[in-house]
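Student: Can you keep this structure in mind? I'll have questions shortly.
Each reported figure results from applying straightforward, stated rules to the coordinates on display, with no laboratory input. Computed from a predicted model, the values in this text were never measured in an experiment. Ideal geometry is used to build each Cβ from the backbone, glycine not excepted, and the neighbour counts take in all protein chains shown.
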Amino acid sequence: MTLENVALAAGVSRATVSRVVSGTGPVSAEAQRRVRAAADALGHVVDPVARALASGAGTRVVVAVTGTSDAIPDCDHTARVVAAGARVCGPEGLGIVLRRLPLRAPGREL
């Protein structure tokens with residue numbers, strides 16, 4: 001579920017949804033109510049990794065892998081990529097986050 005979906009359902013802009021979700025910036029009480037109601041109805045859940053990346057405040061590097069199941073692929077290639085990332089990022093104080101992204105189904109938005 002994206003901020004755009006919530007914005008459309010609430011009849012507000014994506015920026016308004018972002019301000020409500022992050023708790024920053026001026027938003028009227030009515031707009032907050034509509035955004036929260038739309039987010040609840042659509043099952044929107046805030047993704048802390050996405051929030052950190054979007055804000056620029058993240059101290060992590062995301063390694064995204066795709067697959068057809070909910071499991072992170074258990075393979076040598078994935079292990080090598082994560083290990084290499086850790087070797088590079090560790091000394092810089094950056095953490096590694098491994099995320100699985102679903103394969104895009106025709107007609108479905110990620």
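Student: Between R60 and residues 5 or more places away or on another chain, which pairs have amide H atoms under 5 Å apart, with H built 1.01 Å from N, and which residues are they?
Tutor: G95
Student: Here's something else I'd like to know. Tally Lys and Arg at +1 and Asp and Glu at -1 over the other residues with C-beta under 12 Å from the C-beta of V63: what net charge comes out? All intermediate terms of the calculation are to be shown ahead of the outcome.
Tutor: Numbers: positive: R60, R80, R99, R100; negative: none.
Charge balance near V63 sits at +4.
Student: While we're looking at this one, here's another question. Under a crude label model (7 Å from the Cα following the beta-carbon direction), how far is R60 from H77 in nanometres?
Tutor: It is 2.4 nm.
Student: Here's a follow-up. Note down the nm distance, to one decimal, between modelled labels 7 Å out along Cα→Cβ at R87 and at R100.
Tutor: Calculated label separation equals 2.7 nm.
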